[in-house]
Every structure is written in structure tokens, then in C-alpha cells.
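Since the structure comes first, as C-alpha cells, the remarks are kept for the end.
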Amino acid sequence: LTINNPVHTAITETACGSYTWTNGDGQTHTESGTYTYSHDDANGCTQVDTLHLTINHPVHTAITETACGSYTWTDGNGQTYTESGDYTYSHEDANGYTQVDTLHLTINHPVHTAITETACGSYTWTDGNGQTYTESGDYTYNHEDANGCTQVDTLHLTVNPTYNVTDAVTILSTELPYEWNGVTFTEAGTQVVTLQSANGCDSVVTMNLTVTTVEYYAITVNVSDDTPWGIVTGSGDFTYGSMDTLTATAFENYIFLGWSDNNNDNPRIITVTQDSTFTAYFIPEDHDEIEIPVNDSVMGSVNISIPGNASLQTMVTITAVPEPHYHFVSWSDNNTENPRMVTLMQALHLTAIFAIDQHTITVLSADENMGTVSIGGTYDYGTEISISADAREGYRFVAWNDGNAENPRTVTVEQDSTFVAYFEMVDGIHEIDGNSISIYSYNNQIVVVNAEGLSIEIFDMSGRLIVSESRITTSECNYTLYAPGIYLVRVGESLVKKVKIITQ
């Protein structure tokens, strides 16, 4: 006897959503439970298989949200939505199964309302914020709508003015006649004008209207002629009370010091009340480059000592330095102090005046009874002048006090000088015949020139020998005689000359 015992097989399975028992009855199960399958085994015995099945169902979460303008699904996919709709988010749950979340979203968009209004004098926004406006403009009102969203309303408002009979208007006009709202004014003054309102706010208005002609004033902005180291703007014609901007721009390596009225603002805003001139001053960053002008650079120059931080009111020392044969006269404001302390602005206005040295030339006659001379005078250094001596009848010119016998004579002026002309009597005993020997009197002296190697004898009118030298060894001999009178001078054996001595 063979007894075949049937096999009982039990299996345990876990599945997500559904499970097909392919090794069993082949059916698909969607719910957890215990399932059996009876079939013949190989021996023809009935075998019962058992399936212990657990079906895990993924969770499907659905949420409903309402938002204004946009919504960010922070518990979902993290995205931001701006339109209403149904949105899903698939992800694994704690069991590792795919979970699908659904967002039912309603987006409410706030309404933006814009209105345009025109009013006379004022407007109250009753459908808005309830405020009253008296000026034209764009105004907004924020509030919640029926959905709880912030709604922005905009009011485009035009407020036309209204006029009362007591209103007064002043109009500035550049010239007459002047046209205003259809009324022509032919002269300046106050007139009562009746106008039909153009904006519909008032049917008729009466205005006390004053028309005043406008005066223009010239504003001149320039750069100091002595310091052309920058540029300026702001010149023009402006009405009284208007504003003008003055600017000064220094060139490279120069700095702006200030304006001629001691104001240092740059740019600078002025109120126009009269014709005005503004001068901008600049100086080099290297103060050693500053030069104070002179009337003639050949005659001299000016040194200026400036501290490191300079302004127009900084005190500086200016020194005029003349060249040789020139001298400092004064500054252009007639001040003669040298060196001199002034403000930097004043220094930039000044000019040093130099002049050439002058010398007095005096021309005299030793005896005006014998001859006259040309007139002297005061002359610039280096000037060439001519002096001359004219002998009277019976006399002749001998020489000048420095021994020069040229006549006329050219003199170069280099210092104060005196030139005395000496004359002699022309008579029968005078035997000088044009050779190089000269005999003349000077002060209390008889002077003999160019008599080397010859003898000299001097006699008074009584015949007494006063001077006797046998051989002259110098080119000029001087003999002092203290008694006035007429003397005879013999040179060598033949030259005799009568000389008059006048003691002084």
C-alpha cells in the first residue's frame, strides 16, 4: 500500500494596490486577506495552497485653497501659481509607494479701477478714500475687495481754478502790447478785465489785472585777464529776481581761488537784481609759477611769496626787482612801498611800474664873456647827446674840463656829469698854429696838454717869470695860479699863448 499525502503550501505576500497570484489561481486581488487554491498534485491528490496577502493602498490627499494674486504650494511641489486650477504632486509615501496629492486652487485677482474726473476748485472722492483735493494730479486708494484681496483704485483728477471778483493777478511782460486771455494790454498798469471762463467753472469772472514790464539785467562772468587759467559760464541777460548759476572750471594743474567779490562758492547761485560782473581767479597748483605783471619786462620783475594754502584773502609779499640802470617807480595803484604786503587778490590786480635811470648833464662856460655853450638837461641812461661851445668874437674854444677838445662833442649819458668849456683870446701874440698842443685855463689852473719833451715858461703881465720847466715828461701839466689876471705861456721856442685866470 502506498499512501500519498497531499502538500499544503502557505505563502505570505505584501503588494501595493493589487497582487496577481501567478503561482496560484492566477487571479488579481486588490484587498488584503487569505486566499486558497485547490488543485491536483503530481500524485493526483488534492493540494490546497494558501495565500496570506496584505494590500497597501497609497494615500491620495486633496486640498482646496483660495488666494489673492498667487499661491505657493509649500506642502506640495513648492511651486507658485497665479491662475486657478487643479494641480497634482506625485511622491513616495512612508511605505515607498507613489502618493498623488491634488490641489484644487482658486486665484482671485484684485481689480484695479481707474477713473478720470474734472472738477472746479475742488473734488471729493466719495467712491474712493473720501478725501477732498484742490490740485490736479493722480491719486490712489487701497482697500480690500469682496474676495479679501487688496484693490487699488486710481483717480486721474483735473482741478480747474475758479475766480472771484476780488482776485488780483500780476503778469510780468517783456514788452507791450501784451496779449492775455484774449485781452490786449497796450500799457503797463492795473486794469479791470471781465472774462468768460474757458473751463466752465465760472460763467463770468472779473479780474483786477496788473501788467508790469520786465527789466533785464546783464550778468557778465569772466576770467581775470592776469590769470587766464580756467573757463567760466553764467553770462547772459536775466529778469529781475531770477536765479543764475556761475561756474568756474580750472585747467589742468591750476586751482580756482574765488570770485572778485570774495565769494568762494563754485558752482554759485545768484539772485539777479542789477547789472553785475563776476571775475573768477585761478592760480597754478605750483605757486612759484605766478607772475605779477610789470610795465616792461626788460626793466624789472616781481617776486611773490605765497603760503601753501592760498585764498584770495591770503596775505602775500610782493617785491619789485629792477634790472641794472632801471628803478622801481610805484605799483599801479600809486603805492611806492617795496616790498609790500597785500592780499593775493589785490596782488593779481597790481602792475609794477619801472623806469630807466636818468642823469643830469650840466654844460657851463668857464667865461661867458668869451663864449657860450649848449643847454644841458636830464636824460635817460645810455642816451647819446651832443654838447657844443660857441666862442664870441675875438675868442676861440680851447677844450672841455676833462681835456677833450671835440666841438661839437657826443656824450653818452651814464651818470650825473658837468662839462665846462674853456675859451681863449685871439690876439697878435697868439702863435698856436693847429699842432696838437693845447693851452687853456681851468679854475685857478693853467693846463698844458701834449707838450712832452718841450720847455714851459709862464710870465705875468709885468714880465715876471712865474713857472719854468726845461723838459716836460707828462702829457698834461697843471699849474695853479692864485692871482687873477692875464698870463703868457711859452711852450718850446715858438708857441706863445695868452691865458686869462679868474680865481674862484
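Tabulated data for the structure shown
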item: Surface/4 of the Cα convex hull for the stretch 261-342, nm²; result: 7.4
item: Relative packing of 400-407, 308-315, which averages over residues the other C-beta atoms within 10 Å, highest first; result: 400-407, 308-315
item: Reciprocal mean inverse distance between Cα atoms of the chain - Kirkwood radius, Å; result: 39.5
item: Solvent-accessible area per residue for the stretch 311-389 (1.4 angstrom probe, square angstrom); result: 48
item: More than 29 angstrom apart: percent of Cα pairs within the stretch 1-160; result: 59
item: Protein accessible area in the stretch 12-165, 1.4 Å probe - carbon and sulfur %; result: 43
item: Cα centre as origin, Lys/Arg/Asp/Glu Cβ charges: the chain dipole, Debye; result: 2640
item: C-alpha center-to-center spacing [the stretch 11-65, the stretch 322-339] in angstrom; result: 129
item: Neighbour net charge for Thr124 - beta-carbon separation under 15 angstrom, K R +1, D E -1; result: -4
item: Residues of the stretch 1-115: accessible area per residue with a 1.4 Å probe, Å²; result: 63
item: Listed peptides 370-377, 409-416 by packing density, highest first (mean Cβ within 10 Å); result: 370-377, 409-416
item: Where no second cysteine Cβ lies under 4.7 Å, the cysteines concerned in the chain; result: Cys16, Cys45, Cys477
item: Surrounding net charge for Thr412, when Lys and Arg each add one and Asp and Glu each subtract one, Cβ distance under 12 Å; result: -2
item: Loop-located chymotrypsin sites (Phe, Trp or Tyr not before Pro) in the stretch 243-287, at most 13 other Cβ atoms within 10 Å (DSSP); result: Phe251
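The values are calculated or read from the model by the stated rules, or taken from the named source; none is laboratory data. None of the values given here were measured: they were computed from a predicted structure. Ideal geometry is used to build each Cβ from the backbone, glycine not excepted, and the neighbour counts take in all protein chains shown. The protein model used for the area step is the full one, side chains on, heavy atoms only, and it has no ligands, DNA or RNA in it. Shrake-Rupley method; radii C 1.70, N 1.55, O 1.52, S 1.80 Å.
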